[in-house]
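Visitor: Sharing a structure with you now.
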Amino acid sequence: MTGDSSGSAASWVEHLRHGGTTPWLAWADRTTPVAAPTLPGAQQLELLRRINLARGSAVPDPALADRVLATTAAGRGKADLPLVGLPRSGFGPAPVDPATVGAHELLRVASVLVADDLVALGADPVCTTWARPWRRRFRLVGDPVLATGLREHLRALGRPEGGPRPHVVALGAPLDELLARTWTQRCFEHGSKPWAEWLRFWRERDQLPARVDLAESVARWHPRRPLVRVVTDLDRLPRELGVRSLPSSLARVPGADQAELARRVAAVVGLRVPAAERPALMRTLQRRIPDSGVAPVGVPDRERDWVASSAARMTRHLTRAGYPVVGDLADLAPRSAPATVTGADDEQVLDLAIRMVVDPAWRTERQVGQ
Amino acid sequence: MSRKVLLHVGCPKTGTSYLQDVLFRNQSLLREHDILYPADRFDAHFLAALDLMTLPWGGIETEAVGAWDRLAAEVREWHGTSIISHEIFARATPTQVRRALDSLGDAEVHLVLSARDLVRQVPAEWQENVKHRSHITYSRFLETIRDPARESRIGSWFWAVQEVPDILERWGSSLPPERVHLVTLPPSGSDRGELWRRFERTFGLGDLPLDLTAERENPSLGVPETSLLRTINERVTSIIAPPDYRPLVREVLAHQTLSRGVASARLGLPPDAHAWARDLSRSWTAVLAERGYDVVGSLDDLLGPEPGTFADPDTTAADELLAPALDAISALLVEGARLRAVEERLHEELREAREERDHARATPSYRVRRKVVTTLEDSPAGRGTLDAYRRAKGRLRG
């Protein structure tokens with residue numbers, strides 16, 4: 001192809017800007033007289049085409065299209081890829097058919113769009129009320145997904161965490177689930193390594209992450225033994241916190257696709273706002289991210305022996321420490337069936353990201369505090 | 001005075017750390033001569049590059065929020081010449097280049113690219129990868145970068161920051177060729193001051209009494225040392241997080257210990273890769289000559305040296321690794337001892353602080369008050385009373 005092909009590429013970009021969904025190789029319009037600008041990369045163009053497909057018959061949104069085309073792919077991946085069939089200088093990355101660009105590359109762009117939307121939205125206000133003087137003082141450690149939800153819920157009830165001589169309440173769970181929840185919550189805080197790498201990091205060290213190791217988490221607060229509760233029976237948790245009941249939704253664990261998208265978004269948000277503002281924004285994302293029905297991450301078979309021995313060791317430490325247990329320490333043993341799917345695949349994550357770019361409901365619905 | 005920006009965008013491993021260190025340490029003197037090097041810390045322009053290119057970098061990126069816009073604003077406000085320099089700008093995409101150039105306002109922008117021959121750059125880049133946690137073997141690295149599809153992350157990054165004609169096309173296509181300055185690195189064995197003279201000429205630093213003491217460099221490693229480091233990476237990359245790897249492995253081991261092995265064989269290219277690199281370099285220099293850039297040095301510098309004896313880092317014998325391995329163990333023990341001393345000192349400070357606190361509390365009235373508070377805290381009614389008391393006290397104080 002020659003100069004015609006550049007014009008063709010420019011007209012294809014215009015086609016995409018106006019909601020078109022024709023793939024590049026099927027694009028045959030060489031008649032539209034459009035000046036050839038600097039073309040975005042194949043990643044941006046293919047993502048826009050996928051967004052248009054997801055938008056269906058909705059009115060074209062050139063502003064959104066321009067945003068997609070101008071968005072930089074985050075992180076160290078491929079450079080912006082040129083389109084196959086266009087004249088080239090012989091330098092730079094090899095040209096590609098945009099339809100063959102993998103979901104992983106498209107996600108590098110899509111995660112920036114979601115992150116920018118999140119930053120523009122800002123953090124949800126935190127719901128608080130005056131602290132009840134007669135409240136039971138507590139300090140939560142352990143299961144970070146549940147602990148985060150509980151802190152917000154209880155603060156809204158006038159029962160903030162902390163205070164003089166608090167009960168240290170360690171939220172236990174089967175260790176495989178505790179690991180999955182800890183990684184998931186990290187994704188919704190400041191990001192993390194990918195799930196498999198993160199597990200490998202701890203397995204090869206033969207250590208547990210700080211929030212997973214209940215004995216260590218409790219010891220960090222130097223409590224007197226009677227003021228500690230290791231809770232494995234969540235039905236009895238409300239009493240330990242001085243309330244009658246707790247909503248079951250607090251223990252909901254985000255799906256693997258949600259966590260993976262959050263992990264990528266957190267990295268970009270880290271480049272957009274000061275470090276102190278990131279947790280509230282990521283918490284906002286955690287509350288608002290659409291549910292796609294994908295299961296949470298699971299521990300793969302190769303890590304199960306290590307998880308089982310770590311659970312046994314943690315149980316021994318807690319038993320030796322003599323902390324009061326609400327439930328049964330045997331419940332800390334891993335119990336999930338070996339996971340066949342141990343994480344989200346990139347296509348699932350991309351689908352979720354595109355859904356969030358296309359449908360602003362997650363940003364426009366009013367949410368307060370919890 | 002006319003406003004001018006000298007934008008130095010690469011390449012890595014071309015003496016950039018030394019240049020940036022000299023510019024950083026001589027900021028005041030440069031200002032006196034109307035030259036701005038706007039940096040409140042040594043890596044300020046690195047952070048600006050991370051920000052411009054949305055590049056997470058092992059957690060450091062959280063310090064880069066808004067860094068490019070701040071840098072560009074300082075440059076726009078400066079009345080004279082400004083210098084921006086970091087080698088990873090070389091990787092910017094056309095969209096990022098446009099944003100960068102647009103944000104510099106109406107100043108006369110000059111693009112500077114320092115470049116070294118591929119024969120030396122390829123081994124240097126492998127070493128750099130090894131110093132950044134990679135345990136890819138040298139032969140696999142060479143295969144990876146010679147893959148025309150550039151599918152891998154390593155290959156993609158390598159060419160983005162080393163393919164000189166492409167970098168100049170991305171960054172320089174909107175500038176007249178006389179404002180694109182290609183500084184070539186002198187061949188091996190040249191006078192050590194020659195590269196600095198070329199930088200001086202390009203950046204207009206020639207008549208300034210700069211302090212040129214080398215405080216910060218990115219030293220290279222010998223073959224057995226790099227081989228050892230790669231082997232260490234195989235063991236530790238998955239269990240040492242980047243914030244720990246940087247000070248312990250890259251700084252203590254690589255820069256402060258293993259780089260001292262100056263007698264070790266230097267890494268080069270195997271014969272077939274050498275021929276490939278020189279052929280590629282020839283094709284580059286032909287294209288660069290046609291583009292009419294201002295070449296500081298000679299395009300022939302980019303062809304690289306003749307083939308020499310090749311020492312393969314993938315087959316380094318165990319006895320060659322022994323000496324650097326012992327050096328590494330002893331350096332880490334010394335570092336361990338230093339950190340233990342720091343820990344001891346902190347424990348001591350904490351103990352003293354606790355003693356002072358206990359001393360301050362050791363009065364009968366404090367003991368009585370403490371007893372009252374602990375008793376009250378044991379019942380809801382007592383806690384309510386305490387809260388009411390504390391609120392009232394807070395109000396009185398307020």
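Visitor: Kindly provide the Kirkwood hydrodynamic radius of segment B:152-273 in Å, to one decimal, from all pairs of distinct alpha carbon atoms.
Guide: Every distinct Cα pair counted, the radius reaches 18.3 Å.
Visitor: Just checking the output field for B:273-284: average partner chain Cβ neighbours within 10 Å of each residue's Cβ?
Guide: Mean partner shielding for this stretch: 0.
Visitor: To test your reading of the geometry: what angle, between 0 and 90 degrees and rounded to tens, separates the Cα axis of helix A:3-17 from the longest principal axis of chain A?
Guide: Helix A:3-17 sits at roughly 40 degrees to that axis.
Visitor: Return the distance in nm (one decimal) between the two label points of a simple spin-label model at B:ALA353 and A:THR364, each offset 7 Å from Cα along Cα→Cβ.
Guide: Each label point lies 7 Å from its Cα, and together they span 5.1 nm.
Visitor: Keeping every protein chain in place, order A:ASP97, B:ASP211 by accessible area at 1.4 Å, biggest value first, i.e. largest first.
Guide: B:ASP211, A:ASP97
Visitor: While we're on this one: What whole-number volume per residue, in cubic angstrom, does the convex hull of the C-alpha atoms of segment B:31-144 give? Could the numbers behind the result be given before it?
Guide: Values: hull volume 15.5 nm³, N = 114.
So the per-residue Cα hull volume is 136 Å³.
Visitor: How many percent of DSSP beta bridges within the protein assembly as shown run antiparallel, rounded to 5?
Guide: The antiparallel proportion sits near 5 percent.
Visitor: Run the Debye formula on the Cα coordinates of segment A:236-370, all scatterers equal and no solvent, and tell me log10 I(q)/I(0) at q = 0.12, 0.16 1/Å.
Guide: For segment A:236-370, the Cα-only Debye profile gives -0.72, -1.09.
Visitor: Computed FRET efficiency, Cβ-Cβ of B:VAL342 and B:ARG370, R0 30 Å: what is it to the nearest 0.05?
Guide: 0.30
Visitor: Right, next: Each residue of segment A:224-232 in turn: what ³J(HN,Hα) in whole Hz from Karplus with 6.51, -1.76, 1.60 and θ = phi - 60°, glycine and Pro shown as x?
Guide: These are the phi-based 3J(HN,Hα) values: 6, 3, x, 8, 10, 9, 9, 9, 10 Hz.
Visitor: Let me ask you something else. According to the Kirkwood expression over distinct Cα-Cα pairs, how big is the hydrodynamic radius of segment A:104-242, in Å?
Guide: 17.0 Å
Visitor: Whole percent per 10 Å bin, from 0 to the bin with the longest distance: what is P(r) over all C-alpha pairs of segment A:3-101?
Guide: Once binned at 10 Å, the Cα pair distances of segment A:3-101 give 16, 51, 30, 3.
Visitor: While we're here: When chain B is treated as a GNM, springs tying every alpha-carbon pair under 10 Å, which of B:GLY193, B:GLY80, B:GLY261 comes out with the largest mean-square fluctuation?
Guide: B:GLY193
Visitor: Could you pull the accessible area for B:HIS45 with a 1.4 Å probe, rounded to 10 Å²?
Guide: Only protein atoms counted, so the area is about 0 Å².
Visitor: Follow-up question, since we're still on this one. Averaged across B:162-170, how many Cβ atoms of other chains sit within 10 Å of each residue's Cβ atom?
Guide: That average works out to 3.
Visitor: Want the number for B:ALA323 to B:ARG76: 0.36 nm per residue separation, take away the alpha-carbon distance, what's left?
Guide: So the chain would gain 83.7 nm between B:ALA323 and B:ARG76.
Visitor: As I understand it, the value is the acute angle between the Cα axis of helix A:42-55 and the longest principal axis of the Cα atoms of chain A; what does it come to in degrees, rounded to 10?
Guide: 80 degrees
Visitor: What order do B:LYS371, A:LYS78 take when sorted by accessible area (1.4 Å probe), most exposed first?
Guide: Accessible-area ranking of B:LYS371, A:LYS78, largest first: B:LYS371, A:LYS78.
Visitor: Work out, step by step, the length gained on full extension between A:TRP221 and A:ASP291: first 0.36 nm times the residue separation, then minus their alpha carbon distance; give nm to one decimal. The partial results should precede the final answer.
Guide: On the way: separation 70, 0.36 × 70 = 25.20 nm, distance 3.57 nm.
So the extension gain works out to 21.6 nm.
Visitor: Tell me, what is the Rg over Rh of segment A:222-296, with Rh the Kirkwood radius over Cα pairs?
Guide: 1.10
Visitor: Could you give P(r) for chain B, binned at 10 Å from zero, as whole percent values over all Cα-Cα pairs?
Guide: Spelled out per bin, shortest first, that is 4, 18, 25, 21, 11, 7, 7, 5, 1, 0.
Visitor: Taking Cα atoms of segment B:270-398, Rg/Rh with Kirkwood Rh, to two decimals? Don't skip to the end; give the middle numbers.
Guide: Working: Rg = 36.4 Å, Rh = 24.1 Å.
Radius of gyration over Kirkwood radius for segment B:270-398 works out to 1.51.
Visitor: Normalized C-alpha radius of gyration of segment B:1-84, against 2.2 N^0.38 Å?
Guide: On the way: Rg = 12.9 Å, N = 84, 2.2 N^0.38 = 11.8 Å.
Ratio of Rg to 2.2 N^0.38 Å for segment B:1-84: 1.09.
Visitor: Counting helices only, and only those DSSP H runs with n ≥ 4, report the 222 nm mean residue ellipticity of chain A as the sum of -39,500 (n - 2.57) divided by its residues, in deg cm²/dmol to the nearest 500.
Guide: Working: 14 runs with 168 residues, N = 370.
After summing the helix terms and dividing by residue count, I get -14000 deg cm²/dmol.
Visitor: Now a separate question. Between B:ASP314 and B:ARG179, what's the calculated FRET efficiency when r is the beta-carbon distance and R0 is 51 Å? Round to 0.05.
Guide: Efficiency computed from Cβ-Cβ geometry: 0.70.
Visitor: Starting from the Kirkwood Rh over alpha-carbon pairs, what translational D in µm² s⁻¹ does segment A:62-162 have by Stokes-Einstein at 10 °C and 1.306 mPa s?
Guide: It comes out at roughly 87 µm²/s.
Visitor: Chains A and B: what accessible area do they bury, summed, in square angstrom to the nearest 100, with a 1.4 Å probe?
Guide: The summed interface area works out to 3600 Å².
Visitor: Give the average, rounded to an integer, of partner chain Cβ atoms located within 10 angstrom of each Cβ in A:71-78.
Guide: 6
Visitor: Could you check the simple spin-label distance between B:ASP211 and A:SER249, using points 7 Å along Cα→Cβ, in nm with one decimal?
Guide: Going by the 7 Å Cα→Cβ label model, 6.1 nm.
Visitor: Taking the C-alpha atoms of segment B:134-176, how large are the radius of gyration and the largest Cα-Cα span, Dmax, in Å?
Guide: For segment B:134-176, the Cα radius of gyration and maximum Cα-Cα distance read 12.8, 42 Å.
Visitor: For chain A, what is the accessible area per residue in Å² when the probe is 1.4 Å?
Guide: Spelled out: the 1.4 Å probe surface of chain A, per residue, equals 42 Å².
Visitor: Apply the Kirkwood formula to chain A: the hydrodynamic radius equals the inverse of the mean of 1/r over all pairs of different alpha-carbon atoms; give it in Å with one decimal. Write down the numbers at each step before the final one.
Guide: Values: mean 1/r = 0.0436 Å⁻¹.
The Cα-based Kirkwood calculation yields 22.9 Å.
Visitor: Over the protein assembly as shown, what number does the Rg to Rh ratio reach, with both radii from the alpha-carbon atoms and Rh per Kirkwood?
Guide: Details: Rg = 30.0 Å, Rh = 29.8 Å.
Across the protein assembly as shown, the Cα-based Rg/Rh ratio is 1.01.
Visitor: Can you work out D for segment A:291-370 in µm² s⁻¹ from Stokes-Einstein, where Rh is the Kirkwood radius over C-alpha pairs, the temperature is 20 °C and the viscosity is 1.002 mPa s?
Guide: So the translational diffusion coefficient is about 130 µm²/s.
Visitor: Count the net charge of all other residues whose Cβ sits under 12 Å from the Cβ of A:ARG200, scoring Lys and Arg as +1 and Asp and Glu as -1. Write out the running numbers ahead of the final one.
Guide: On the way: positive: A:LYS193, A:ARG203, A:ARG205, A:ARG302; negative: A:GLU197, A:GLU204, A:ASP206, A:GLU303.
Result for the local shell: 0.
Visitor: Also, quick follow-up: Using Cα atoms only, what is the angle between the long axis of helix A:256-272 and the major principal axis of chain A, expressed in degrees (0 to 90) to the nearest 10?
Guide: So the helix axis and the longest Cα principal axis differ by about 80 degrees.
Visitor: Moving on to the next point. Calculate for chain B the 222 nm mean residue ellipticity that helices alone would give, adding -39,500 (n - 2.57) per DSSP H run of length 4 or more and normalising by residue count, nearest 500 deg cm²/dmol.
Guide: After summing the helix terms and dividing by the residues of chain B, the value is -17000 deg cm²/dmol.
The values are calculated or read from the model by the stated rules, or taken from the named source; none is laboratory data. This structure is a prediction, so every number in the text was calculated from the model and none was measured. When we count neighbours, we look across all protein chains shown, and the Cβ atoms used for this are built from the backbone with ideal geometry, even at glycine. Side chains included, ligands, DNA and RNA excluded: accessible areas come from the protein's heavy atoms. Shrake-Rupley method; radii C 1.70, N 1.55, O 1.52, S 1.80 Å.
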